[in-house]
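Here, each number is a calculation from the coordinates, and none is a lab measurement. A quick note: this is a predicted structure, and the numbers were derived from the prediction, not measured. FYI the Cβ positions are ideal-geometry reconstructions off the backbone, even for glycines, and counts take in every protein chain you see.
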Amino acid sequence: MKELDIKLGYNCNNKCLFCLNQDKRAFSYNNEELKEQIRKSAESGCQRLIVSGGEPLIYKNFFEILKYAKMCGIPYYEIQTNGRILSYEEVVKKIKDICQNVHFLISFHYPNAEMYQKYSQVDGFDQVLEGFRNLQKNNLEFTTNTVLFKANINYLNQIFDILEKVGSKRGQFRFIDGTNVKNEFFDYVPRMEEVIPKIKEVILKHPKMKIHIHEIPYCLLQKDLIEFTSPVPNIERENYNLKKNVLNSREIVRQQFENPNCRECVYKNECIGVRKTYLEFYGDKEIKPILKKL
Ligand code: SF4
């Protein structure tokens, strides 16, 4: 499916300490440029608009952009958000009215309000829970996104217990991109092999949830978890980027990931490999080619 991922900007109502976009806050997109890209993509068959950020719901032009995309004929939508503003039910209803077919990807990294305050530096935990309730009340589907980082990897089961209680059917794990915490890399970024058994426990304890694992290579997931790996990046997904041009998702992966020790691996064409920043700090000792299909 052809998709377009746009950002309205990189500002946010949270201040997550490990945020990828901390250095991009001042950057903004021109409304007319965004609309032009949406029109071009719609004309070339785009079926889904993904609105991400920063936090897209804090932007004044959020609804205007959705309405414009709808007018251009794009039928499906995904809103990627920290979920706090969804605690206002009128916002949820308005999004549904405009888009009709809309899915939400909502960040959920902590098991309690204290950790939310400590690492996202705002009092947002209860708002996100209210946001989940509002989506449910309005029959809207969502997936949750949990970034794996040193402070939360011992709480993954508690996080998913909460998600199951609020009716989440789909969750994903993303391994922290350590690029913006290079000065404190080892405080934030765990070894991937340390995280694997903890993910396994969550999957065993929550069999009703559909869980995907992003950005951990097949050789670490091994036989038990390989079926939970995320789908390969969509080559038909255009990402409108900081330079105001579009790159497809596989090009972005190629810029950020590397396949070390992979020449003989039977999965070398499917597996995205390992983030370059991770290799810079932890090296490639964990990466071992798989010689026979698992
Ligand atoms: S050896 Fe390389 S291609 Fe094979 S699973 Fe590991 S990272 Fe992926």
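Before moving on, here are some points about what is shown:
- Per the conditions (1) under 21 Å from Q172 (Cβ atoms); (2) in contact with a helix residue (DSSP H, G or I) (Cβ under 9 Å, 6 or more places away or on another chain); (3) assigned to a loop (DSSP other than H, G, I, E, B); (4) away from the ligand (no atom under 16 Å from the Cβ), the sole criterion not satisfied by H212 is (3).
- Residue check, N245 of a type in the set (S, T, N, Q) and either touching a Cys at 6+ places or on another chain (Cβ under 6 Å) or buried (at least 16 other Cβ atoms within 10 Å of the Cβ) (or both): no
- Candidates in segment 178-198 are the residues that are more than 16 Å from the ligand (Cβ to nearest atom) and within 19 Å of Y155 (Cα to Cα); of these, the one that is surrounded by the most Cβ atoms within 10 Å (Cβ to Cβ) is V189.
- Answer residue from segment 275-294, given it is more than 11 Å from the ligand (Cβ to nearest atom) and either touching a His at 6+ places or on another chain (Cβ under 6 Å) or in a loop (DSSP other than H, G, I, E, B) (or both) and is nearest to L225 (Cα to Cα) among those: K293
- Just one of the listed residues (I252, I272) is more than 9 Å from the ligand (Cβ to nearest atom) and of a type outside the set (G, A, S), namely I252.
- Inside segment 258-269, residues that are more than 6 Å from the ligand (Cβ to nearest atom), touching a Lys or Arg at 6+ places or on another chain (Cβ under 6 Å) and assigned to a loop (DSSP other than H, G, I, E, B) make up a count of 1.
- Breaking point among (1) in contact (Cβ under 8 Å) with a residue 40 or more places away in the chain; (2) part of a helix (DSSP H, G or I), for F63: (1)
Quick grid of which residues meet (1) on the phi > 0 side of the Ramachandran plot; (2) outside any helix (DSSP H, G or I); (3) not hydroxyl-bearing (S, T, Y):
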| residue | (1), (2), (3) |
| --- | --- |
| Y68 | no, no, no |
| E78 | no, yes, yes |
| K94 | no, no, yes |
| P111 | no, yes, yes |
| V122 | no, yes, yes |
| E130 | no, no, yes |
| R133 | no, no, yes |
| T146 | no, yes, no |
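- Candidate set from segment 230-249 (those that are touching a residue at least 24 places away in the same chain (Cβ under 8 Å) and within 16 Å of the ligand (Cβ to nearest atom)); member that is nearest to R39 (Cα to Cα): P233
- Residue among L86, L105 that alone is touching a helix residue (DSSP H, G or I) at 6+ places or on another chain (Cβ under 9 Å) and not small (G, A, S): L86
- Summed over segment 29-82, residues that are within 24 Å of T144 (Cβ to Cβ) and of a type in the set (D, E) total 2.
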